[in-house]
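Visitor: If you scroll down you'll find the structure; I have some questions about it.
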Amino acid sequence: MSKQTYSVCLCWRRRFKLALSEAPQEIKTLFEQYSENDLMTPSNLKRFLIEIQKQEQATEEEAQAIIDSFKHFHRRGAGLNLETFFKFLFSDSNLALLPSIGVHHDMTLPLSHYFIYTGHNSYLTGNQLSSDCSDIPIVKALQRGVRVIELDLWPNASKDNVDVLHGRTLTTPVELIRCLRSIKEHAFVASEFPVVITLEDHLTPDLQAKVAEMVTSTFGDILFVPGSESLKEFPSPESLKKRIIISTKPPKEYLETKEVKEKEDDSLHGKASGDDEAWGTEIPSFKLGLLSDYKGNSLDKEYFHDEEELSESDKSHHNVAPEYKGLIAIHAGKSKGGIDAWLKIDPEKARRISLSEQQLEKAAITHGKEVVRFTQKNILRVFPKGTRIDSSNYNPLIGWIHGAQMVAFNMQGYGRSLWLMHGMFRANGGCGYVKKPDFLLTTGPDNEVFDPKAKLPVKTTLKVTVYMGEGWYYDFKHTHFDQYSPPDFYARVGIAGVPSDSIMKKTRAIEDNWLPTWNEVFEFPLTVPELALLRIEVHEYDMSEKDDFGGQTCLPVSELRSGVRAVSLHSQKGDKYNSVKLLMRFEFH
């Protein structure tokens, strides 16, 4: 890796010297402060871990173990020199999130007290209109830690069995039994906490009975069956470990009205609101005093393609399959009427309702505190609007700030909004359940709840230093970014959170260098650090075309480790690169 040659116009060649990765000056200064005679002893390293890395419980034995792990680069047991100290800082044992921390939130509270990793149309392999339906994206979602899987149930062509597909579209079906078997096989590979299957049911009673038999025979003892028709309070994730939960509305007669079909057809042929760049459009902002994307439709007339398309009190509920109804643990459905009726709290019954992203955006303006109060006991599911036929997503923060537990995302897509979802659920050991902040769960002395529109004081300031990056040379072809020279990398760093905290900043571009060193500092005042996500992206500057994607990650600020840390970057689809990392420092003031 000493020199690299690029061809230019087939007639001459440019050669670039490739530098070795070298510690930035501030890292050299830290090494000097915590070393003796150019060697960082176990005692010195312990001081560094406590004072700079804020690992207050660090011991000399742990420091010695770190030193011993680099025995191939130095005399065993003696200490770290500058080179091995730099290697340690960039290593997987010094990541910004601590992998070994595991599940550490209180998991004994009702399900309504948690944000839950939720998929939308989990069976689709691509777009919402014409892609194949398959169990493969379900398996991939479960392997990533997703805990809520959505299946749309329709009669098959001969009306004697059940398929899963996006109804009235060109998507090709997959058999329900295949999806159920794959869920059973992979449900608890990434997490032992419960998997919820949300069903959108378009079936006749005889096919509902067939679904009940399939579900019961497939899951057996791991299926959670409620003891009564409705629960006063949801069970806890801890009590439901390695259990499967069914959520849908109480069954109704199979109805296929022309009106519903026309609504869906109109929506599905609307304009897609997808990504217009390789790495996805910027996260859409939301303002709780404005409705930037509202087109003037009333809440009642807005397109609403969901399992709760008809109200709970619909008269057609009389003809149902009782064995199917008995499996429903989380009852879904909305009362007749508008938003006031939907958000009415029944002290004797915990339930689930669904709102589209647009409906929630409007409800946030008119009923923000009521939504928060509703989600303290009940579950709110938010789903993408119907025009997202390209499987793009929306800003999940508007759901989370109002306490919505199931912010449903198209996991088969990719883009910045999905990166936020990945980031949120890296918290709590990646188990798919993140306890909501206390302010979303508590009620004040005057029965007051958190007001998402309130202006809040700054609680803390996160100071971020972006030192340098490495690894692209190993994970990308040398002409991937530029045919004629090494890449010109710059980094974007910022916060996704409540509107007052959300911001993005960027470094300067470093020309013609596979090992960019920026040494730039940014500060982020945070009013709601509990919901803040640190966004990190690297791009390659291109003067003539769109900038190229060079990696991204998103980290929950609540679990960010102070000090100098290595930050692994991921692809557009969220897969971790083998080598690409940034060296950064995080300080809280």
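The values are calculated or read from the model by the stated rules, or taken from the named source; none is laboratory data. Note that the structure is a prediction, hence the values are computed from the model and not measured. Backbone-built Cβ (ideal geometry, glycine too); neighbour counts: all protein chains shown. Please note that ligands, DNA and RNA were not included when accessible areas were found on the heavy atoms of the full protein model with its side chains. Shrake-Rupley method; radii C 1.70, N 1.55, O 1.52, S 1.80 Å.
Visitor: Looking at region 483-505 only, could you name the residues that are over 27 Å from Phe286 (Cβ atoms), open to solvent by less than 40 Å² (accessible area, probe 1.4 Å) and not in a strand (DSSP E or B)?
Guide: Result: Ser485, Pro486, Pro487, Asp488.
Visitor: With the requirement that a residue be more than 18 Å from the chain's Cα centre (by Cα) and not aliphatic (A, V, I, L, M), what does region 92-102 give you?
Guide: Correct list: Asp92, Ser93, Asn94, Ser100.
Residue-wise test of (1) assigned to a helix (DSSP H, G or I); (2) in the same structural domain as Leu170 (by the TED database); (3) under 31 Å from the mean Cα position of the chain (by Cα).
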site: Arg47; (1), (2), (3): yes, no, no
site: Ile50; (1), (2), (3): yes, no, no
site: Glu56; (1), (2), (3): no, no, yes
site: Ala63; (1), (2), (3): yes, no, no
site: Glu83; (1), (2), (3): yes, no, no
site: Lys87; (1), (2), (3): yes, no, yes
site: His104; (1), (2), (3): no, no, yes
site: Leu109; (1), (2), (3): no, no, yes
site: Val139; (1), (2), (3): yes, yes, yes
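Visitor: Let me ask another. What are the pairs, 6+ residues apart or on separate chains, where a residue within region 182-209 that is of a type in the set (Phe, Trp, Tyr) has its Cβ under 8 Å from a residue that is assigned to a loop (DSSP other than H, G, I, E, B) and crowded, with 23+ Cβ neighbours inside 10 Å?
Guide: Within 8 Å, the pairs are Phe193/Arg147; Phe193/Pro237; Phe193/Gly432.
Visitor: Quick check on Val449: is it under 21 Å from Pro499 (Cα atoms), more than 20 Å from the chain's Cα centre (by Cα) and not assigned by the TED database to the domain that holds Ile138? Lay out the reasoning, then the answer.
Guide: On the way: under 21 Å from Pro499 (Cα atoms): yes; more than 20 Å from the chain's Cα centre (by Cα): yes; not assigned by the TED database to the domain that holds Ile138: yes.
It is true that Val449 is under 21 Å from Pro499 (Cα atoms), more than 20 Å from the chain's Cα centre (by Cα) and not assigned by the TED database to the domain that holds Ile138.
Visitor: Let me ask another. May I ask you to verify whether Thr118 is open to solvent by 10 Å² or more (accessible area, probe 1.4 Å) and not assigned by the TED database to the domain that holds Gln64? Give the derivation first.
Guide: Numbers: open to solvent by 10 Å² or more (accessible area, probe 1.4 Å): no; not assigned by the TED database to the domain that holds Gln64: yes.
Criteria not met by Thr118.
Visitor: Here is a further query. Would a scan of region 387-397 turn up a residue that is in a helix (DSSP H, G or I) and either at pLDDT below 95 or crowded, with 24+ Cβ neighbours inside 10 Å (or both)?
Guide: Our first condition is that a residue be in a helix (DSSP H, G or I); within region 387-397, this holds for 397.
This time we only want the ones that are either at pLDDT below 95 or crowded, with 24+ Cβ neighbours inside 10 Å (or both), so: 397.
For region 387-397, residues in a helix (DSSP H, G or I) and either at pLDDT below 95 or crowded, with 24+ Cβ neighbours inside 10 Å (or both): present.
Visitor: Okay, moving on. Take the residues of region 156-175 that are in contact with a helix residue (DSSP H, G or I) (Cβ under 7 Å, 6 or more places away or on another chain) and touching a residue at least 60 places away in the same chain (Cβ under 8 Å): which is surrounded by the fewest Cβ atoms within 10 Å (Cβ to Cβ)?
Guide: That would be Arg168.
Visitor: Go through region 562-580 and give me each residue that's open to solvent by less than 30 Å² (accessible area, probe 1.4 Å) and touching a Phe, Trp or Tyr at 6+ places or on another chain (Cβ under 6 Å).
Guide: Step one: of region 562-580, the residues open to solvent by less than 30 Å² (accessible area, probe 1.4 Å) are 562-571, 574, 580.
Across region 562-580, the qualifying residues are Ser562, Ala566, Leu569, Val580.
Visitor: For Gly145, work out the one condition from (1) at positive phi; (2) open to solvent by 50 Å² or more (accessible area, probe 1.4 Å); (3) touching a Cys at 6+ places or on another chain (Cβ under 8 Å) it doesn't fulfil.
Guide: Here Gly145 clears every test but (2).
Visitor: Whether any residue in region 189-205 is in the same structural domain as Leu380 (by the TED database), in a helix (DSSP H, G or I) and surrounded by fewer than 18 Cβ atoms within 10 Å (Cβ to Cβ) is what I want to check. Lay out the reasoning, then the answer.
Guide: Restricting attention to region 189-205, the residues satisfying the condition of being in the same structural domain as Leu380 (by the TED database) are 189-205.
Narrowing the set further to residues that are in a helix (DSSP H, G or I) leaves 205.
Next, from what is left, pick out any that are surrounded by fewer than 18 Cβ atoms within 10 Å (Cβ to Cβ): 205.
Looking through region 189-205, at least one residue is in the same structural domain as Leu380 (by the TED database), in a helix (DSSP H, G or I) and surrounded by fewer than 18 Cβ atoms within 10 Å (Cβ to Cβ).
Visitor: Right, another one. State whether one or more residues within region 311-329 are assigned to a strand (DSSP E or B), at pLDDT 85 or above and crowded, with 16+ Cβ neighbours inside 10 Å.
Guide: Narrowing region 311-329 to residues assigned to a strand (DSSP E or B): 328-329.
Going one step further and asking which of them are at pLDDT 85 or above, we end up with 328-329.
Then drop every residue that is not crowded, with 16+ Cβ neighbours inside 10 Å, which leaves 328-329.
The answer is yes, given that some residue of region 311-329 is assigned to a strand (DSSP E or B), at pLDDT 85 or above and crowded, with 16+ Cβ neighbours inside 10 Å.
Visitor: Here's another thing I want to ask about it. Lys232 passes all but one of (1) part of a loop (DSSP other than H, G, I, E, B); (2) touching a strand residue (DSSP E or B) at 6+ places or on another chain (Cβ under 9 Å); (3) touching a residue at least 60 places away in the same chain (Cβ under 8 Å); which number fails?
Guide: (2)
Visitor: Only one of Asn121, Asn127 is assigned to a loop (DSSP other than H, G, I, E, B) and at positive phi; which?
Guide: Numbers: Asn127 fails: at positive phi.
Every option except Asn121 fails the conditions.
Visitor: Check whether at least one residue in region 26-41 is of a type in the set (Asp, Glu), part of a helix (DSSP H, G or I) and in contact (Cβ under 8 Å) with a residue 40 or more places away in the chain, and report yes or no.
Guide: The first filter runs over region 26-41 and keeps only residues of a type in the set (Asp, Glu), leaving 26, 32, 36, 38.
Adding the requirement that they be part of a helix (DSSP H, G or I) leaves 26, 32.
The next check asks that each one be in contact (Cβ under 8 Å) with a residue 40 or more places away in the chain; those that pass are 26.
Yes, because at least one residue in region 26-41 is of a type in the set (Asp, Glu), part of a helix (DSSP H, G or I) and in contact (Cβ under 8 Å) with a residue 40 or more places away in the chain.
Visitor: Also: Just name the residue that is modelled with the highest pLDDT out of those in region 524-542 that are part of a loop (DSSP other than H, G, I, E, B) and open to solvent by 10 Å² or more (accessible area, probe 1.4 Å).
Guide: Going residue by residue through region 524-542, those that are part of a loop (DSSP other than H, G, I, E, B) are 527-528, 532, 541-542.
Filter once more, keeping what is open to solvent by 10 Å² or more (accessible area, probe 1.4 Å): 527, 541-542.
Values: Thr527: 97, Tyr541: 93, Asp542: 87.
Applying the filter and picking the extreme gives Thr527.
Visitor: Which one of these does Gln128 not meet: (1) among the polar types (S, T, N, Q); (2) open to solvent by 50 Å² or more (accessible area, probe 1.4 Å); (3) in contact with a His (Cβ under 9 Å, 6 or more places away or on another chain)?
Guide: Failing condition for Gln128: (2).
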